[in-house]
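Student: Below is the structure I would like to discuss, written out as structure tokens.
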Amino acid sequence: MRRHDSLLSALSILLVLAIIIVFAGALRSRGFTEPENPIGSLSAPLVPEALDGGGMLMGKDDGEPEATKPPEETVETTLPPDEPEEPLPTPPPQDEPDPTKPPEETPDATPEPSATPEIVPEGTPDPSLPPDEAPPEAGENDSVGGTLEGDGSGGNSDTETEGSGPAGENGSGDGAGGEGLGGGNDNSPRIVTDLHTMQISRTELPDGILRFYAYPAGEGSDLSVKVVLNNSSTPANGKVLSGVTESNYETALMLNETNIITLYLKENGENIAYVRYSIRYEAEKADENTPEVGAFPPSIVTNLDGYTDVMDTQDFLFWVSAKTNPEGDPIYSNQIEVWLNGKLIEKQTGDARPEYELHFEPPNKGDEAEYTVKVRAWDGRGNSAMKVYTLHYRTVSEGDALGNVNIVVDATTVGLGIIDSATFPIVQGDTAKSVLDRFFEEYGYEASYNGPYLARLSRGDICSGAAIPERLRQLIERDGFPFSNSSDRDSLGEYDFTMASGWMYSIDGSVYAGRDLGSYTLSKNTTIYLRFTLAYGKDIGGGGSGKGKLSGYCGTWTGGGYHEKPHGTFTVIERIEPTAEAPGLIRSACSVCGEPKEEIIPPLAATPTPLPTPTPTPTPGTSPSPSPTPVPTPEPTPEPTPVPTPEPTPEPTPEPTPEPTPEPTPEPTPEPTPEPIPEPAAILPEKKEEDAS
């Protein structure tokens, strides 16, 4: 009996195992396996750093933060079949950096064409989307059809005709004639297409219309393909594309953007899998033959502009400053490219003004060679520009003389002006630190370093009579930097006067290098400005490293004096409206340095109340004499009125003609009543006779 029970148990286990194997085989035959991500990860756009120019404060490690790489994209999935169609969130244009965050240190990577993508099974969760959200899916009842010939736009609906049909003309149902997606050598349902993740230029695709084929293949019941495009603003964004034929499609691509095309595989009207492709469509960029492209090509400024000397520095630090037109906004390093003799050079430091190290190899024959430097910048809106420099390089051996540089020690920020200046010889391989060390020794300075940064200079009475200019003191207070009591008559260094003070160096007066003194290789005929700052460089044009409350000071204290710069936009912070009794007031502040400004608004004008016109009251004096005079004046005015003129109009007979003659009645002529005037004339002689008697 026990033997019989054991036999039954063994048979039951075998039966269960057989059922599991058969079920697993059925699932495998349908291709329901989780594939690898068909879409390569896209690099995130770089964004600007806080300090324009990348200047470093001596003795303080305020270098650029280490770049962080974006997480790679994961496998995309589809919505449940009944979800309505919604456009995908538009991916941010990779050519337009966010000007509010520091950029990464890696250049933009062009999306590489992915390997043959596999279909993603329906129902796989999408970790790249928020909970309860998934990629788009078409609606049910909207109309279908494009509005423009060739634009590829369609309706939102899934009418079971979008992309439906058997294998195309060159397809055999097993993937022949195209790229079979989702299938192997079996006949599992799959999509055949010639799409792949790629980058296309406007030169390669002048009309911007992408043409491709996609159709279902393999065994299945009523297989079909649905095609959805997602970008930011083409008419087809988020729409189901209508096929030109059963398996051929075309759609307009958005320029300077990554366009995403999703192919859905459907069986009996149900989504069973999908695959997604990223197509980057970019405008052609400027080159040597076409140095400017677009309506507003950007401007490019470098330290090779106007360079006519023979290049004899083996390692030359090359910087680039590019700005958009006409706005003048900075273009960051992820939209700048530099080549030396056709080789792309990686950026060393900086983003708003990136720096590149140009290394000139000695020629195999002779001592001279010609090098070509190319710089290209673009703005992400189809505008780009290129500059080309031709340099004549002459080999100078390590340690051999190169020429001279100028050195200026400047402490204008504490009222001391230029402390020292000199012309100093340099040799091949000299850095800013090696030359300054020789200068300090020769001119009696004792230099203290904090790592690679100059922390303090000491010499007898170097700081005698130092004082912060009043205007600069106000800006430091407004910026929130605390003052310190640390100062020494015989030295000047970090944390003296303020907690944001120290030495910084500038090359040729306007460029603060984004590296320490020992890393800057010098070239002849340059000037090293060693300047003392009280505000992380804001007071000497060094940028400020993003510290404090103000973005800048709208002026610099260098060269022994104050140099004012234009203010930024004044922002209204308070407005008091005027009244009839008191004026109004507008208080505003500069958006850069916080400089306050007040504007008086005149008081409102009082509306005068109309006074009643007084009626003149006649007085018994001389006033009656003028009063009768105006009385006759209105009388003649009505007399010449054409009263008889209406009478002749109804009576055409000449009878009324004699009537006008009596009209000029001689009444006004006798009216001159100056008759009383002779009466006084007669009285006067009588009075004279009485007087005579």
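Student: Residues that are of a type outside the set (A, V, I, L, M, F, W, C), surrounded by 16 or more Cβ atoms within 10 Å (Cβ to Cβ) and modelled with pLDDT of 90 or more: list the strands (runs of 3 or more DSSP E) wholly contained in the stretch 163-232 that include at least 3 such residues.
Tutor: Strands (runs of 3 or more DSSP E) meeting the threshold: 209-217, 223-230.
Student: Please verify whether the stretch 413-427 includes one or more residues that are touching a residue at least 40 places away in the same chain (Cβ under 8 Å) and under 23 Å from Thr521 (Cβ atoms).
Tutor: Scanning the stretch 413-427 turns up at least one residue that is touching a residue at least 40 places away in the same chain (Cβ under 8 Å) and under 23 Å from Thr521 (Cβ atoms).
Student: Then there is this: Just name the residue that is farthest from Gly208 (Cα to Cα) out of those in the stretch 243-261 that are open to solvent by 20 Å² or more (accessible area, probe 1.4 Å) and not polar (S, T, N, Q).
Tutor: Filtering first and then ranking leaves Glu246.
Student: Continuing with this model, one more query. Which ones in the stretch 254-291 are in contact (Cβ under 8 Å) with a residue 40 or more places away in the chain and within 16 Å of Arg381 (Cβ to Cβ)?
Tutor: If the condition is that a residue be in contact (Cβ under 8 Å) with a residue 40 or more places away in the chain and within 16 Å of Arg381 (Cβ to Cβ), then Leu255, Asn256, Glu257, Thr258, Arg280, Tyr281, Glu282, Ala283, Glu284, Lys285, Ala286 are the ones that fit.
Student: Sticking with this structure for a sec: Scan the stretch 323-358 residue by residue and report those that are assigned to a strand (DSSP E or B), open to solvent by 60 Å² or more (accessible area, probe 1.4 Å) and closer than 16 Å to Lys387 by Cβ.
Tutor: Once the filter is applied, which keeps residues that are assigned to a strand (DSSP E or B), open to solvent by 60 Å² or more (accessible area, probe 1.4 Å) and closer than 16 Å to Lys387 by Cβ, the stretch 323-358 yields Lys323, Leu344.
Student: Right, another one. Listed residues Asp508, Asp479; which is of a type outside the set (A, V, I, L, M), in contact (Cβ under 8 Å) with a residue 12 or more places away in the chain and more than 19 Å from Ile418 (Cα to Cα)?
Tutor: So the residue among Asp508, Asp479 that is of a type outside the set (A, V, I, L, M), in contact (Cβ under 8 Å) with a residue 12 or more places away in the chain and more than 19 Å from Ile418 (Cα to Cα) is Asp479.
Student: Next question. Would you point out which residue out of Thr308, Thr372 is free of Cβ contacts under 8 Å to residues at least 24 places away in the same chain and surrounded by fewer than 15 Cβ atoms within 10 Å (Cβ to Cβ)?
Tutor: Thr308
Here is a yes/no grid of residues against (1) open to solvent by less than 50 Å² (accessible area, probe 1.4 Å); (2) part of a strand (DSSP E or B); (3) of a type in the set (S, T, N, Q); (4) within 30 Å of Ser224 (Cβ to Cβ):
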{"residue": "Ala273", "(1), (2), (3), (4)": "yes, yes, no, yes"}
{"residue": "Tyr277", "(1), (2), (3), (4)": "yes, yes, no, yes"}
{"residue": "Lys285", "(1), (2), (3), (4)": "no, no, no, no"}
{"residue": "Asn289", "(1), (2), (3), (4)": "no, no, yes, no"}
{"residue": "Ser321", "(1), (2), (3), (4)": "yes, yes, yes, no"}
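Student: Which of the residues belonging to the stretch 513-569 are more than 30 Å from Ala401 (Cα to Cα), aliphatic (A, V, I, L, M) and in a strand (DSSP E or B)?
Tutor: Within the stretch 513-569, no residue meets the criteria.
Student: Next question. Kindly list the number of the only condition in (1) farther than 20 Å from Gly537 by Cα; (2) in contact with a Gly (Cβ under 8 Å, 6 or more places away or on another chain); (3) basic (Lys, Arg) that fails for Arg438.
Tutor: That leaves (2) as the condition not met.
Student: Identify the single condition in (1) on the phi > 0 side of the Ramachandran plot; (2) touching a Ser or Thr at 6+ places or on another chain (Cβ under 7 Å) that Leu517 does not satisfy, given that it satisfies every other one.
Tutor: All conditions pass for Leu517, except number (1).
Student: To continue, here is another question. Applying the selection to the stretch 428-446, what residues are without any contact (Cβ under 8 Å) to a residue 60 or more places away in the chain, under 24 Å from Gly403 (Cβ atoms) and not basic (Lys, Arg)?
Tutor: Asp437, Phe439, Phe440, Glu441, Glu442, Tyr443, Tyr445
Condition check ((1) open to solvent by 40 Å² or more (accessible area, probe 1.4 Å); (2) part of a strand (DSSP E or B); (3) under 20 Å from Ser545 (Cβ atoms)) across all residues:
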residue: Ser448; (1), (2), (3): yes, yes, no
residue: Leu457; (1), (2), (3): no, yes, no
residue: Ile462; (1), (2), (3): no, no, no
residue: Ala466; (1), (2), (3): no, no, no
residue: Leu472; (1), (2), (3): no, no, yes
residue: Leu475; (1), (2), (3): no, no, yes
residue: Arg478; (1), (2), (3): yes, no, yes
residue: Phe481; (1), (2), (3): no, no, yes
residue: Asn485; (1), (2), (3): yes, no, no
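Table: residues versus (1) modelled with pLDDT of 95 or more; (2) more than 27 Å from Gly417 (Cβ to Cβ).
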| site | (1), (2) |
| --- | --- |
| Thr521 | no, yes |
| Thr526 | no, no |
| Ala535 | yes, no |
| Tyr562 | yes, no |
| Gly568 | no, yes |
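Student: Considering only residues that are open to solvent by 20 Å² or more (accessible area, probe 1.4 Å), touching a Phe, Trp or Tyr at 6+ places or on another chain (Cβ under 9 Å) and among the hydroxyl-bearing types (Ser, Thr, Tyr), which ones fall in the stretch 375-405?
Tutor: Hits for the stretch 375-405 are Tyr389, Thr390, Thr395.
Student: Turning to a different aspect of this structure: Does Glu267 qualify as being modelled with pLDDT under 95, out of contact with any helix residue (DSSP H, G or I) (no Cβ under 9 Å at 6 or more places or on another chain) and closer than 14 Å to Leu205 by Cβ?
Tutor: no
Student: To continue, here is another question. Out of the residues in the stretch 550-590 that are open to solvent by 30 Å² or more (accessible area, probe 1.4 Å) and touching a residue at least 40 places away in the same chain (Cβ under 8 Å), state the one that is nearest to Leu604 (Cα to Cα).
Tutor: That would be Ser551.
The values are calculated or read from the model by the stated rules, or taken from the named source; none is laboratory data. Given the structure is predicted, the values throughout are model-derived calculations rather than measurements. No Cβ is skipped: glycine too gets one built from the backbone with ideal geometry, and neighbour counts run over all protein chains shown. Ligands, DNA and RNA are stripped out before the accessible areas are found, and what is left, the full protein with its side chains, is counted by its heavy atoms. Shrake-Rupley method; radii C 1.70, N 1.55, O 1.52, S 1.80 Å.
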